[in-house]
Amino acid sequence: DFEMSFATQEDVFKVGEEVLTAAFEKFAPEGYEVTQAPYPIISYKQAMLEFGSDKPDLRNPLRIVDVTDFFQRCTFKPFHGKTVRAINVHAKLSKGQHEKLLKFAQSIGMGGLGYLEVLEDKSYKGPIDKFIPDDMKQEIADIAGLTPGDTIFFIADREAQAALYAGQIRTELGNRLDLIEKNSYRFCYINDFPMYEYDNEEKKYIFTHNPFSMPQGGLEALNTKEPSEILAYQYDIVCNGIELSSGAVRNHDLDIMVKAFEIAGYTEEDLKEKFGALYNAFQFGAPPHAGMAPGVDRMIMLLRNEENI
């Protein structure tokens, strides 16, 4: 666990990738590759779009693309008004593989799993083909990078659910088609997490992650932005789809702390009562500080190639 004063998010990233690469290179099984610094930095928004998860496994080469706007202009009614995500694989699946994949999709709660196959003449074959106007067929090829021999799958639902389902289908395709890179540890940082989310049951905004993180933009952002638009200096480090730790640039300013908690429905009296130690400490000033704590148990789990701790 390391906490650094007068440090930025980037300072933490630099230490984390230096230590983790060295540790994994020392203790990894022979012949394994380890991501070298600098690690890829992926925003939460990008991760949920491209991987359907904020814990992406970068050994899986498949990426998710957004085709929502495209399908609002097609005649396929079940996709209208929904978020639509697509996953393209360079493989022709057998009837049996399609049936098994459909069964998996239904087992996780999906109503179905639309797809198209790209033929040698670049025409399409599949249940959705007739709903795509001829003058739009090149457009879907450009959006998803389609080439002859590809199969593209479609997932449609509310945005959060579409992302979740697409992530699960991506993982399943990667495993079923044996696409996952072998003998490697692939690290990345996920950052720019939302500070708040709206809780429909509580009918108010609540903290998404660590309430003691520094909001990006500081007090000005808290005073001028919609809570749903405020990002936090929060970050995770992920390896092979496993979150090793969450970290943050910590809030060190009393005024920012009071305002941040006010948005989530806490009064200043609540802060004094529930978080008295921090509230009192911040009266005297604290340095900007940041840190993270990669879980040694999870690191050993990965190094031992175990499925769980």
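The values are calculated or read from the model by the stated rules, or taken from the named source; none is laboratory data. Note that the structure is a prediction, hence the values are computed from the model and not measured. For neighbour counting, all protein chains shown are included, and Cβ atoms are generated from backbone atoms with ideal geometry for every residue, glycine included. Keep in mind that these areas ignore ligands, DNA and RNA; they rest on the heavy atoms of the full protein, side chains included. Shrake-Rupley method; radii C 1.70, N 1.55, O 1.52, S 1.80 Å.
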Residue, farthest from GLU243 (Cα to Cα), within segment 38-51, restricted to residues that are among the aliphatic types (A, V, I, L, M) and open to solvent by 50 Å² or more (accessible area, probe 1.4 Å): LEU49
Unique residue being within 26 Å of MET48 (Cβ to Cβ), open to solvent by less than 70 Å² (accessible area, probe 1.4 Å) and in contact with a Ser or Thr (Cβ under 6 Å, 6 or more places away or on another chain) when the list is THR151, THR68: THR68
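The rows are residues; the columns are (1) of a type outside the set (A, V, I, L, M); (2) open to solvent by 20 Å² or more (accessible area, probe 1.4 Å); (3) under 25 Å from the mean Cα position of the chain (by Cα); (4) at pLDDT below 95.
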| position | (1), (2), (3), (4) |
| --- | --- |
| SER5 | yes, yes, no, no |
| PHE13 | yes, no, yes, no |
| GLY31 | yes, yes, no, no |
| GLN36 | yes, yes, yes, no |
| SER53 | yes, yes, yes, no |
| ARG59 | yes, yes, yes, no |
| ILE87 | no, no, yes, no |
| LYS92 | yes, yes, no, yes |
ILE87 vs. criteria more than 17 Å from THR147 (Cα to Cα) and either touching a helix residue (DSSP H, G or I) at 6+ places or on another chain (Cβ under 6 Å) or among the β-branched types (Val, Ile, Thr) (or both): no
Breaking point among (1) modelled with pLDDT of 95 or more; (2) under 20 Å from PHE51 (Cα atoms), for ALA160: (1)
Number of the condition not met by LYS103 [criteria: (1) more than 22 Å from PHE51 (Cα to Cα); (2) open to solvent by 70 Å² or more (accessible area, probe 1.4 Å); (3) not aromatic (Phe, Trp, Tyr)]: (1)
